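For reference, the structure discussed in these notes is given below.
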Amino acid sequence: MLNLYTETAFEVTPATPASTIDLQIPRKNGSYDKSKFSSNRPNSSRAFTKDEQSFSTHLLASQSSIYFRQHKSYPRTFHWSVVNNGRTLQIQCADLARSESDLKEAYYTLKCDFQDEILPRGVTFADLETGDEIHAFICTNKNELFNLRLPTIAFRDLHVLRNENLSPWCKPIDSSSLDLNTVHHVWANSPLEVFLSFTSGRVQRSTRRSIDGHWKHDIYDDKSWGASIRGIVSRRGLQTIEYGSASLDPRTAHAMVTSPDGKFLFTVCLNHSLRVWNLLDGRVVATRDLLDAARDPNDRTHLNPAEDASIQIFKLPLQRYPVVLTYTPQDGGQFKFWDLKGGSTEALVVEDKYPGQRLSAPDPDPSGNTIWTMIGFKLDPGTDFKPAQLWVLWRNHNYHQLYHCSFEFASLANSWKTNWVKCAATSSSKNLAPDLVRNDSEDPASKWLDYLFYPARYTEAGLETALSVFEEATAAKLGASQRAGSLRQRMCNIVAATVSLRKYGDSDLDFERFIADTDSQWRNLYRIAENINESRNAPLALAYDAFSDMAWITMTGKCCAVRECSKIELLQQNELEDVPDLEEVAGQTWLHRKVNADDGEPFTNLATLISAASTFRQSFTADLAHDLAVAIEEDMSIGDELVTPTRIFEIYDTTGFSEAISNEVFERLEADLDPVGGMSSLNNELFLGILELLATRTKKAKSALRNTLFGNLLFANGMLDYMSCQRQLLMDLLALAIFVEGELNQEEVKMTSFDAPELYHQIIPLLKLCDRNLWLATRYRHVPLEILGADGQPNAARRPSTSGSEHERLVSILEDTLSKAVRPQPAVEKPLLYLITEQLAEIDDWASGKETIENDDGAVYLLCDLLKQGQFDLATDFLKFQPSTPWSSYVKGRLALVKGEHQMAAMYFKKASYGLACGKAVGNLVALSAGLLSMIEAEYFNSGLPLYLHHTSTLFESAHAYNESAKFAHLTLQALQSGQKEPLPNFRTEVLSRLFNAELKLSRFDLAYNALVQLPDSALQRSSVTSLVNSILNPQSPIHDGKSALKILQSLPWAMYPHLARHLDQHLVSLAKKQTSASMTSSGWLAGDGSFDYLGVMYAMRVAQKNYRGAVTVLYDRLSLVRRSGGARYDPQATALRHVLLSLINMMACVAPEEAYILADAETGDKELSNQQNGDNAHEDAGGSKKRRRIIITLEDLRKEYQQILDKCSRIERGDFNFEVDGETDDDGEGLADQSRLNLSSHTGDAMEL
C-alpha cells in the first residue's frame, strides 16, 4: 500500500513562559483543595520527573484533541489536553495562519486547574456559528459538571479572565440526576444543548434557550420504573459490564450524535447496538446491531468501555435524509453506512446502505501477531465535484497507523478495495543510537550529549526522568554543588561516577576499556530515555477539519500534523513494488496536484536507485560510515577549486571501501540495481533526475497571511525532518557514486555514461547547503516575542533582546532569520494537507537562496546576524560554511576583531581590501550585513581604497587595538596619492588625527609627533601638542622615570617647527602654574605631591633651546615656590634654597649684561599689612584698587641674597641665635625679606610670562 501522506510531530508548548494563564476552578460548593494562591504549588516539570510513572501521570496528556469552531474567523482552531493527573485542562489556539493585519495574535494558553480529576470522555467543546466564544463542558469524577464560557479574546488578552469573579465565564450546571447517577460520557451538540450518558444506561438532555438562560434537564430511559430504581441502587448482576471499579449497564451510550434537524439522538451503546432516541417524546424509535445481525437477548457481545467509539452523521448532495456511519471492532472490524428514512410524520427506518458488503479498513498487521485497535475515524462526505474521504486511525500501545480512502458512494464497493493509502508513521519510529567508533576523535560524553539534546528528539523533562531512573539504578550520588548544575553537567557527573579507569596487572592504563565502559553507560541511559520517550507517542484522537481539509493526530506528548508527501518523499517512503502504481493512485486521490515524472526518468527507476543507495549505505560498518563522513566533510572544507577526480579516488582509498565492503554487500547492491541494468549500467541521468526533484521550485502568489506562533512550531520541526531526509538522500547518492567510481572506473574499460566527478560537483554544493541549513535549524537562541504585520521585515536586523526571559521565545536561528519570511497560502483551492508541504519546500528554497539571495551572500548574511546578536561562539562554528569572497573575508575579520584576535582580523581585512574597495558593491550592504554596518559605514565600501582602509582603522580603534589601527592609518595615507582629491572633506585631517591618537596610546611618541606635524589644522595641532605633552609627562604612564620622559620630550624636533615649540612652552607654563610644590633634591623630577616637576622640565627645555632669559624666569619662580613650600623651615642648611639661588645666579650670568635682570612684584611684609588694616590706604588710588609695586632684581641682588643665606647658615652652625627684641622675631622667611629686595613670595608664573 502506498504512503501518500507523512506527518510532522511537534511538542505543543506555550509561546513564552509568561503566556500561560493559570485559572483555578473551584468545586460546585466553592471549595478548593488548598489555597489557590499557594506558592507551594509545583510549577516546574522537575517536580514530576522522579520516575516514569510520575512523568506519565503529570506531564503527559490522558485526553487530547483539536476543536474547530463553526465560525470561520481567526481564531477557530484550538488544541486542548488534560494533564496533571487529570486535573488540568490546557487550551491553546492551534491556527497555523492569521491575517497580516491581525497584530493581536491569540497566543495565550489557558490552564484551568480543577480540584478533582476530569472524567475520561468528560470534556467536550461547542460554539455557535454566530458567536465569538467557545464553550467547554467538563465533568469531574465527583459528578460535577462545569460550563466554561471562553471568549476568543481571552487568548489574545492576558487580563480578560484573570480576575477574582469566576461567575461570568465559569458556571457549574446543577441537576438532581447528577446526585443519583454516574456520568460516563459528555457530548455537546451546541452551547445550548448538552447530553450526558450515565452508567445506568440513561441519557440526560440539558437545553437552554440562550447562552445566559437557565438549563432544562430531560431524562431518557427506556427501562421500566422498577428497573430504573434497581439501577439507581446499582446492584451488580449479570446484565452489567465491569469497567474498573464501576458497573456499566450494557445500554450505556458510548458515543452520541444528533440528527441535522435536532429531533433524534443516535447512540452507540456498549451492548453493540445503534439506538435512536426521539427527543420529542423520549422513546427509543430504532435499535440495530452494529453488524446488522440478529442477536439473542442474552448475547454478551459488547464494546470495550476503555476504547473510544465513534459515530458520524452526514447528508449527501441531492439526498433528503442523512446517513449514519458507525464502526464495530467485532468480526475483524467493520464500518456500516445506515440510511435513515422517515422520522417526521412516519416511523424512522434505519437500513444498511450497503447490505452484504464487508467494509473493513486495512489492518496494520494482517498476520495478527500484534493487536491494533481503531481509536477514531473521520468522514468528509465530499461534494458534487469532490469525492468523499475517510480517515481511519489505528493504535497499538505507543504506535499508530493512519489510513485514507477516497471514494464515490455510487461505487463504494470497488473504491473500498483499491483506493486505500496510508500515512508514513515517522513520529513513532525509534531514534537510532550512535555507534561506538574506534579511534574516534570525539569523546563519548560529547557525542552522546549532542545526540540526546538534538532538537525535537527528547524533551528536557523526559531526560530529567531518565537521569533520575538511571541514578537510582546505579546508586550514583551527587554532591549538593553537583546537583545545582545544569542537566548536561549532572548527566556527565552521574555517568562518570559509574565508570573508572582501571589498570590490569603490570600493563598500562586501559583507556580503550574505559571508553567502551563509558559508552556502555551512556547507552544504558539512552535506553531509559528512549523507553520514557515512547510514552509520548501514544495516540489519543484523530481530528479532521473539513473546511481546510486538514487532519491531525493528538498524542500524549505531541501533536502530529498530517501532510501530503513531496515527490522525493513519495519515492523515499514507498516500497519498490508499490511505486509503479504511484501516478495512478495519486491522480485518483489528489485532484489538486499532478504527480508524474514529466519528461524525466520514470519514477520506478528513480525509486530503484534511491532504495539501492539507501540499503547500500545502511550496510556500512560504524567505522566505515564515520570515516566516509569525515572524509567528505574535509573535502567540502577545502573548497570547490581543489576538487578533482583524483580526490574521489583518495576518498575511496582513505576510507578503505574495497576492504570494508563484503561480497555479500556487493552482490546485494548488484541485485538491487538489476531493475535499471545493474551497477555497470548506471548513468548520470538517473542521479541528476533525483537532484532535479530536490530543486523543484514553484512561484507562489502574494499572500496577506502570516504564520502564527503555533504554526512556527510545526514548520520548525517540519523543516528539521524535511532537511534531514534530504541530507540522508544526498549522502546515499554520494556514497554510491564514490564506490562505483572507485570500484569500476579504475579498470581498463571505464563506464561511458557514468561521470562521478560531475555528480560530485552537483551533489557537494547541495550537501553543504543542506548541512548549513540543518546547522541553523539545530541552534537556538532567545528572541523577544515578535508579531509580524503587513510591513514587517522579518530579516531586518534586531538588537539583542533586553526583555526578561519570561517574555522571550526559544527559536532556531533558521526560523529567526529565514523561515518566518515565507508567508502561508490560504486553503481555498488547495487543501491545507498540501499547502504545508508546499510551504516547507518554499522555506527550503528561501533558506537556500534559490529565489532571493545568492548562496554565498546568504551564508555571510547569517554570519553577520550571529555577530549582531552577540553569539560569537556560534559564529565561530558557522565559519565552516563561509565562502571565499571578499565580503566573507571582511565579516570574518569583524568576528576575529570582537574575539580579540587582532592579527587575524588584520589579515582578513587586507584580504578583502581590493574586492571591497574597488568595483561594484555586492548589493545593499546594510541589508546584507543584517544591520552590522550602518548606512554611513556602508559608504566606505567600493569607493576607493583610502575610505575602506580608514573604515578598518576606525574599527580597530573602537576595539582599542591601536597597533593595528595605526598600521591601517599608515596604509590609508599611503593610498592617498599626492595631488589626489580627498574622498571626503577633511579626510586627511581625520586620518592623521586617528593615527596620532593610536600612536599616542602605544607610547610611540616620535611617530605621534610625525603625525602631529602633518596636521593642517592649527587648532587641532595645538590640542594635539597638549595631548602629547600630557602623555609623556603622565606619572601613571609606563615611563615612570622623569629623566626618560624629559629625554623623549627633548628628542622631538621642536626647533624645526617654531609654532609647535611655542605651543609646547605655553602648555608647560600652564602646567607649572598648577604646581604647588617643588622637588627638594637637585636630581629629582617629581614634585612633593607625586606629580611631575614641570618647572624643572621647563627649565631643561629652555636651556636645551638656549633660551637662557626664559630659563632665568623659570628658576626665579622655582625659587619663590621653594621659599613658599615651607620645607626650608626643616632644612637648617637651606640646601634647596641655596641650590636654586646658585642655579639662578649661574644662569643669569649667562645672559647678556643688558638683559641680566628680573622684573618682579615687591613683597608686602607683615608690618605693611598691619598698617593697611589700621586704615593706611597709601597704596590705594582714588578708585580703591590696590597698586602693584614692582622691583628690578639684578645679578648683584641675587648674590647678596645668596651671601645672606650663607651667613645665616653659618650663625646657626655656631649657635648664634637672635631672640625676640621689642616685639620682633628672627623668623626664617621674614628676616630675609626685610633685608632683601627679592620678591620670594610672588605668585608662580608671573616671571615666566615675561
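The values are calculated or read from the model by the stated rules, or taken from the named source; none is laboratory data. Being a predicted model, the structure only gives us computed values, none of them experimental. Reconstructed Cβ throughout: ideal geometry from the backbone, glycine too, with neighbour counts over all protein chains shown. These area figures cover heavy atoms from the full protein model, side chains too; ligands, DNA and RNA do not enter into them. Shrake-Rupley method; radii C 1.70, N 1.55, O 1.52, S 1.80 Å.
Okay, here's what the table says:
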quantity: The stretch 916-1075 - percent relative contact order, Cα under 8 Å, separation 6 or more; calculated: 13
quantity: Inter-label distance for LYS171 and ARG1211, nm, one decimal - labels placed 7 Å from Cα along Cα-to-Cβ; calculated: 11.6
quantity: In the stretch 404-507, the GluC sites (Glu not before Pro) that fall in loop regions by DSSP, at most 16 other Cβ within 10 Å; calculated: GLU408, GLU442
quantity: Candidate aspartates and glutamates - alpha carbon under 15 Å from LYS892, same-chain residues fewer than 8 apart omitted; calculated: ASP856, ASP857, ASP865, ASP873, ASP877, GLU901
quantity: Amide H contacts under 5 Å for ILE241, placed H, 5+ residues apart; calculated: LEU248, ASP249
quantity: Theoretical FRET efficiency, 1/(1+(r/R0)^6), r = Cβ-Cβ of LYS104 and ASP653, R0 51 Å, to 0.05; calculated: 0.20
quantity: Anisotropy class of the stretch 522-653 from Cα gyration tensor, a/c 1.5 cut; calculated: oblate
quantity: The chain: relative contact order in percent, alpha carbon pairs under 8 Å with at least 6 residues between; calculated: 7
quantity: Hz values of 3J(HN,Hα) by residue in the stretch 1193-1206 - Karplus curve (6.51, -1.76, 1.60), Gly and Pro given as x; calculated: 10, 10, 5, 5, 5, 5, 5, 5, 5, 5, 5, 4, 5, 5
quantity: Helix axis angle, 603-618 relative to the chain longest principal axis, alpha carbon, degrees; calculated: 60
quantity: Value of [θ]222 nm, deg cm²/dmol, for the chain, DSSP H segments ≥ 4, -39500 (n - 2.57) each, nearest 500; calculated: -12000 deg cm²/dmol
quantity: For the stretch 926-954 versus the stretch 551-573, the gap between their alpha-carbon centres in whole angstrom; calculated: 47
quantity: Fraction of antiparallel bridges per DSSP, the chain only, in percent to nearest 5; calculated: 95
quantity: Helix axis angle, 460-474 relative to the chain longest principal axis, alpha carbon, degrees; calculated: 90
quantity: Anisotropy class of the stretch 58-100 from Cα gyration tensor, a/c 1.5 cut; calculated: prolate
quantity: Karplus (6.51, -1.76, 1.60) ³J(HN,Hα), θ = phi - 60°, over the stretch 358-369, in Hz, Gly and Pro reported as x; calculated: 9, 9, 10, 6, x, 8, x, 10, x, 5, x, 5
quantity: Within the stretch 236-272, trypsin sites (Lys or Arg not before Pro) in DSSP loop having at most 10 other beta-carbon neighbours inside 10 Å; calculated: ARG236
quantity: Gap separating the Cα centres of the stretch 309-346 and the stretch 58-91, nearest whole Å; calculated: 28
quantity: Accessible area in square angstrom per residue, the chain, 1.4 angstrom probe; calculated: 46
quantity: Alpha-carbon centroid distance for the pair the stretch 762-781 / the stretch 1043-1070, whole angstrom; calculated: 62
quantity: Between 0 and 90°, nearest 10: helix 622-637 axis offset from the chain longest Cα axis; calculated: 50
quantity: Restraint check, LYS263/LYS422; LYS981/LYS1001; LYS353/LYS386; LYS353/LYS830; LYS386/LYS700; LYS142/LYS216, Cα-Cα greater than 27 Å; calculated: LYS263/LYS422; LYS981/LYS1001; LYS353/LYS830
quantity: Cα shape, the stretch 237-340, gyration tensor, a/c 1.5 rule; calculated: prolate
quantity: Members of LYS594/LYS702; LYS868/LYS910; LYS72/LYS567 lying beyond 26 Å, as alpha-carbon distances in this model show; calculated: LYS72/LYS567
quantity: DSSP beta bridges in the stretch 387-528 [antiparallel fraction, %, rounded to 5]; calculated: 100
quantity: Peptides 857-867, 915-925 ordered by average Cβ neighbours within 10 Å, highest first; calculated: 857-867, 915-925
quantity: Carbon/sulfur fraction of accessible area - the chain, other protein chains in place, 1.4 Å, %; calculated: 49
quantity: Long-range amide H partners of ALA286 with built H, under 5 Å; calculated: VAL276
quantity: For the stretch 660-671, 3J(HN,Hα) per residue [Karplus equation, 6.51 cos²θ - 1.76 cosθ + 1.60, θ = phi - 60°, Hz, x = Gly/Pro]; calculated: 6, 8, 7, 5, 5, 5, 5, 5, 5, 5, 4, 5
